[in-house]
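Colleague: My questions will all concern the structure given below.
The values are calculated or read from the model by the stated rules, or taken from the named source; none is laboratory data. Since the model is a prediction, treat every value here as computed from it, not as a measurement. Positions of Cβ are generated from backbone atoms using ideal geometry, with glycine treated the same way; all protein chains shown enter the neighbour counts. Quick note on the areas: whole protein, heavy atoms, side chains included, nothing else; ligands and nucleic acids left out. Shrake-Rupley method; radii C 1.70, N 1.55, O 1.52, S 1.80 Å.
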Amino acid sequence: MTVPRPDIPAPMGMLAELTHRCPLKCPYCSNPVDLERRSSELDTETWLRVFSEAAALGVLQVHLSGGEPTARPDLEQIVARCADLNLYTNLITAGVGVTAARWQAMADAGLDHVQLSIQAPTAAANDFVAGLPGAFDKKLETAKQVTGLGLPLTLNAVIHRHNIDAVDETIELAVACGARRLEIAHVQYYGWAAKNRQGLIPPKEAVVACMEKVDAARERLAGTLVIDAVVPDYYARFPKPCMGGWGARSFNVTPSGKVLPCHAAETIPGIEYENVSIRTLKNIWYDSASFNKYRGTSWMPDLCRTCERRDIDFGGCRCQAFAITGRADETDPVCEKSTHRAELTRMAEADAAAQENFVYRAF
Ligand code: SF4
Ligand code: FES
């Protein structure tokens, strides 16, 4: 039997990728390049058990994500079970094709919060990035339905070369939609985005101008809209504390039930991830080799282990370290102390100047 270990905190958050199916084709999708098919998705009963196990493990907040989670006809049942378990539910949706009746049903089931993605602040640009004509108008309709039900709304805008200059318009759109919060989320370059780096990375000047506009809007809109934004990795001095540390605060369950320390963990080869169909979440969280691999500080290279920031950023992102250096146990190359930092800067500058097209996400 697994007993909680005092040196390992209980997780607070769970990202449930209920399905990888999605009507959109965003070229920076956080799903893996090898998408999981409908035939391998967990059934309703198993998902309901997983949420019960998560609550028993100490999870407080679940992010119901995808793909597009509303593609699952059992979503209302899942929301209702989470509400029974006192789990705070955040539905992460592309917001195309959900009827008013279904939004009402989800609100009745106890949904707490909706996070709606927006690809760009105009119909033409939004639908181009999403790869779906008509998506923008449906998203505006979704925003209306969600706020009309009194549900708190966050707009999530993933920022890249094709929309970075329109950040002011994105902020205006969030206000017009009645969102309480806007996430300005610069692309993280793993998976699909790594494949499309040369088609997505913005030049440094555009990033600086974007951050200045965000700072000015924060002041202007204080009390109306909360704006979350961080400097994108490739132009920062230090890495972000990815996931709050590997196996420290939260985990991800894929459509087929694999439990991952982060959404991109499968980009690191040679790690076997356990499945909820075979082991309990508790057992996986405390005892699996995958969660213990980069937990704490003992795995760290000397540079991080002896650094005063090791409990602030935890050595950065393991997936990014692997993507750039070929080793997941390296210091995140974003760090200005890393011997790979100059190489990363050169690569970002070259990719930003490349002006390549991107490929859309697809099965
Ligand atoms: Fe963070 Fe490691 Fe860089 Fe220190 S050396 S700032 S711990 S990534
Ligand atoms: Fe995997 Fe950062 S995305 S550790």
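Colleague: What is the antiparallel percent of DSSP beta bridges lying wholly in the chain, to the nearest 5? Walk me through the numbers on the way to the answer.
Modeller: Values: 3 of 35 bridges.
Roughly 10 percent of the DSSP beta bridges within the chain come out antiparallel.
Colleague: Is the shape of the range 253-363 rounded, prolate or oblate, going by the alpha carbon gyration tensor and its root eigenvalues a ≥ b ≥ c, with a/c under 1.5 for rounded and a/b larger than b/c for prolate? Intermediate values should be presented prior to the final figure.
Modeller: Working: a/c = 3.10, a/b = 1.25, b/c = 2.49.
Since a/c reaches 1.5 but b/c is at least a/b, the shape of the range 253-363 is classed as oblate.
Colleague: Give me Rg/Rg_expected for the range 10-157, where Rg uses Cα atoms only and Rg_expected = 2.2 N^0.38 Å with N residues. It would help to have the intermediate numbers written out before the result.
Modeller: Numbers: Rg = 15.1 Å, N = 148, 2.2 N^0.38 = 14.7 Å.
Taking N as the residue count of the range 10-157, the ratio is 1.03.
Colleague: Quick one: grab the alpha carbon gyration tensor of the chain, order the square roots of its eigenvalues as a ≥ b ≥ c, and give me rounded if a/c is under 1.5, else prolate or oblate depending on whether a/b is larger than b/c. It would help to have the intermediate numbers written out before the result.
Modeller: On the way: a/c = 1.57, a/b = 1.02, b/c = 1.53.
Oblate, because a/c is 1.5 or more while a/b does not exceed b/c.
Colleague: Which is the longest stretch in the chain that no exposed loop site breaks, taking sites as GluC sites (Glu not before Pro) with a DSSP loop state and at most 16 other Cβ atoms within 10 Å? Mind showing how you got there, number by number?
Modeller: Numbers: sites that count: E272, E308, E336, E356.
In the chain, the maximal stretch lacking such sites is 1-271.
Colleague: Using alpha carbons only, how many angstrom separate the centre of the range 36-72 from the centre of the range 250-281?
Modeller: Comparing the Cα centres of the range 36-72 and the range 250-281, I get a distance of 13 Å.
Colleague: Rolling a 1.4 angstrom probe over the protein heavy atoms, how many square angstrom per residue are accessible across the chain? Kindly include the intermediate steps, with their values, before the conclusion.
Modeller: Values: 15530 Å² over 363 residues.
Value for the chain: 43 Å² per residue.
Colleague: If each of Y88 and V33 carries a label point 7 Å out from its Cα toward its Cβ, how far apart are those two points in nm?
Modeller: In this crude spin-label approximation the distance works out to 3.6 nm.
Colleague: Follow-up. My understanding is that a pair violates if its Cα-Cα distance is over 28 Å; which of K195/K293; K139/K258; K139/K213; K25/K293; K25/K204 do that in this structure? Display every interim value, and only then the final one.
Modeller: Details: K195/K293 26 Å; K139/K258 30 Å; K139/K213 24 Å; K25/K293 33 Å; K25/K204 26 Å.
Cα-Cα > 28 Å for K139/K258; K25/K293; rest within.
Colleague: Probe radius 1.4 Å, ligands and nucleic acids ignored: give me the carbon and sulfur share of the accessible area of the chain as a rounded percent. Numbers along the way, then the final one.
Modeller: On the way: 8270 of 15530 Å².
Using a 1.4 Å probe with all protein chains present, the chain comes out at 53 percent carbon and sulfur.
Colleague: At 18 angstrom or more along the helix axis (alpha-carbon based) and mean Kyte-Doolittle of -1.0 or higher, what helices does the chain contain? Whole DSSP H runs only.
Modeller: In the chain, the long hydrophobic H runs are 44-57, 135-148, 204-220, 341-354.
Colleague: List the trypsin sites (Lys or Arg not before Pro) within the range 319-363 that DSSP assigns to loop and that have no more than 16 neighbouring Cβ atoms inside 10 Å. The partial results should precede the final answer.
Modeller: Details: sites: R327, K337, R341, R346, R361; in loops: R327, K337, R361.
Sparse-neighbourhood loop trypsin sites (Lys or Arg not before Pro): R327, K337.
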